[in-house]
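Reviewing the structure listed below.
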Amino acid sequence: MQSSDSSAILVTGVGITSAIGHGAADFTAALLEGRSNFAVMKRPGRQCATGDEPSTTQFIGAEIPSYSPPEGLPASILRTASLSGQVALASLHEAWRDAKLQDVDPVRIGLVVGGSNVQQRELTRAHESYRERPQFLRPTYGLSFMDSDISGMCSEVFGIRGFAYTLGGASASGQLAAIQAVQAVASGQVDVCIAVGALMDLSHWECQGLRSLGAMGSDEFADRPQLACRPFDRRTDGFIFGESCGVVVVERAGSATRAGVNPYARVAGWAVRMDANRNPNPSFEGEVSVIRQALQSAGFAPQSIDYVNPHGTGSRLGDATELKTIEEVGLKHAFLNTTKSLIGHGLSAAGASELVATVLQMRAGQLHPCGNLDQPIDDSCNWVRGRAMEHRIRRAVKISLGFSGINCAMCLESS
Amino acid sequence: MNKEDIFAIVTRHAQEVIPALRGHQFQPNQSLRELGANSIDRSEIVMMTLESLALRIPLVETVKATNIGELVNVLHAKL
């Protein structure tokens, strides 16, 4: 992209690991085909069970099948890396090469890993394994129990020396990490900043808690997992979890002059707003205000937006509130699809994985279909249904929301 | 359990923690540190060994050992 404005902030690299595909090419193809991969979850520690007894739960989600780390990652690091850590390294590996970061001064690179308490399943398994013999708990537990072990491993493997830490914002973490990355670059703190939406590795405890809270589905589709994830559909009964890890690299146009760098989009604006509310319920006012603020910071009129990638989890109240918001802010004309309907709700990763989906659709010139959108709660929106459609996105709005009244939005313009 | 058995356990765990040591011919007068184990690696190797031996002693009782042979002696004496 030729930009006469060297201070424009660009997305110059992406990485993605998901339950439907690894890497940008596979992921794009899977999204456009409308593929999903929901089932009763099998990863050890995801269902309640005692000893060798059969599990008493059947939590549904989308799990990454047959994952193996890319070549070249140090075995010594991988040995004690959690699933979240391994997948972060793999996704970052892809984004690093995509953005050609090997030629950037390490002190001028920053890293924000979005997500908190992302390694729950690994911790739970360690607790359960060592309950009767706690003195033999591995020493590395003392290092790796913290989420910052993930940013630390990324910093070591890729030689990142500017800054590297984690950021907790519930289901908005991934997008908040991207916003933090944009701010770090805009301020000049670093030249390149990487945002990783960490894989939220839930244990059966979190699944149970989220089900009891009424946030996670599904009762109606408990026996038909492939139908359970249905954001904005009349029959939705909660979000369905999906493992993913998304990475975006951002930098100023003036810095993105390395050979082979091919920017995906310009980050035109963003906003964060809080509802001053500790609870999980959404706020129409908060969502409206954050989108208006983001549009204003981008200098975009709502009519000029042609695509919205919503938070769209499949929460009945959340979905209804979000559609009311989209109408109120004047975005109802825009094409709308639900990445979560295909990859599940990545929780900490969601905002970052969906930003990746947004820019990949920009590059592909196509929009992916919504999964299970049989009867939209509002039929008058411009849904992408049934199959992928040809459309060159010019301007997009990405929305992420989180428990405890977090609202954030970002405006992107395609390269 | 004799010292050879303990030596085999220590070296097996050393190879798990440091894959580059697979195929290495360990000698009792070698130290884990010079074989490339940093302090966390060494703690892991010793802890895995204690677990394999079901030997409940504080890690601190093993730190005086300056090589694998001395470590084996310490562990053997506690069994």
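The values are calculated or read from the model by the stated rules, or taken from the named source; none is laboratory data. Worth saying up front: this structure is predicted, and the values here are computed from it rather than measured. Cβ coordinates were reconstructed from backbone atoms using ideal geometry, including for glycine residues, and neighbour counts include every protein chain displayed.
Look at (1) over 16 Å from the mean Cα position of the chain (by Cα); (2) surrounded by 24 or more Cβ atoms within 10 Å (Cβ to Cβ) and you find that A:Pro310 fails only one, number (1). Being farther than 26 Å from A:Gly254 by Cβ, away from chain B (no Cβ under 14 Å) and not in a strand (DSSP E or B) is true for just one of A:Val87, A:Val107. Which residue is that? It is A:Val87. Listed by position, the strands (runs of 3 or more DSSP E) enclosed by the range A:1-76 that each have at least 3 residues that are of a type in the set (S, T, N, Q) are A:9-18. The set of residues in the range A:353-412 being among the hydroxyl-bearing types (Ser, Thr, Tyr) and either surrounded by fewer than 22 Cβ atoms within 10 Å (Cβ to Cβ) or at positive phi (or both) consists of A:Ser380, A:Ser404. Pull up the range B:51-79, narrow it to residues that are within 14 Å of chain A (Cβ to nearest Cβ) and among the polar types (S, T, N, Q), then point me to the one that is surrounded by the fewest Cβ atoms within 10 Å (Cβ to Cβ). Result: B:Ser52.
Within the range A:377-415, being closer than 20 Å to A:Thr28 by Cα, among the charged types (D, E, K, R) and out of contact with any Gly (no Cβ under 8 Å at 6 or more places or on another chain) holds for A:Arg385, A:Arg394, A:Arg395, A:Glu413.
Of the helices (runs of 4 or more DSSP H) contained entirely in the range A:119-163, those carrying at least 3 residues that are more than 11 Å from chain B (Cβ to nearest Cβ) and under 22 Å from the mean Cα position of the chain (by Cα) fall at A:120-130, A:148-158.
Test A:Thr80 against the criterion of being within 14 Å of chain B (Cβ to nearest Cβ) and among the hydroxyl-bearing types (Ser, Thr, Tyr), and give yes or no. Yes: the conditions hold for A:Thr80. Quick one: is A:Ser203 under 20 Å from the mean Cα position of the chain (by Cα), of a type outside the set (Phe, Trp, Tyr) and more than 30 Å from A:Ser380 (Cβ to Cβ)? So A:Ser203 fits the description; yes.
The set of residues in the range A:199-230 being under 30 Å from A:Ser151 (Cβ atoms) and part of a loop (DSSP other than H, G, I, E, B) consists of A:Leu199, A:Met200, A:Asp201, A:Leu202, A:Ser203, A:Leu213, A:Ala215, A:Cys229. Residues that are among the hydrophobic types (A, V, I, L, M, F, W, C) and either over 13 Å from A:Val356 (Cβ atoms) or at pLDDT below 95 (or both) were ranked within the range A:1-22; the one that is nearest to the chain's Cα centre (by Cα) is A:Ala19. If the requirement is being in contact (Cβ under 8 Å) with a residue 12 or more places away in the chain and under 23 Å from A:Thr80 (Cβ atoms), which of these qualifies: B:Ser39, B:Ser31? The match here is B:Ser31. Does B:Ser39 satisfy the condition of being small (Gly, Ala, Ser), at negative phi and within 14 Å of chain A (Cβ to nearest Cβ)? In short, yes.
Within the range A:221-271, the residues that satisfy the criterion of being touching a Leu at 6+ places or on another chain (Cβ under 6 Å), farther than 28 Å from A:Asp319 by Cβ and not aliphatic (A, V, I, L, M) are A:Pro263, A:Arg266. Within the range A:135-173, the residues that satisfy the criterion of being closer than 21 Å to A:Arg97 by Cβ and among the polar types (S, T, N, Q) are A:Ser151, A:Ser155.
Rundown of residues vs (1) touching a helix residue (DSSP H, G or I) at 6+ places or on another chain (Cβ under 7 Å); (2) hydroxyl-bearing (Ser, Thr, Tyr); (3) more than 21 Å from A:Leu227 (Cα to Cα), yes/no style:
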position: A:Lys324; (1), (2), (3): yes, no, yes
position: A:Arg363; (1), (2), (3): no, no, yes
position: A:Val384; (1), (2), (3): no, no, no
position: A:Arg387; (1), (2), (3): no, no, no
position: A:Ser404; (1), (2), (3): yes, yes, yes
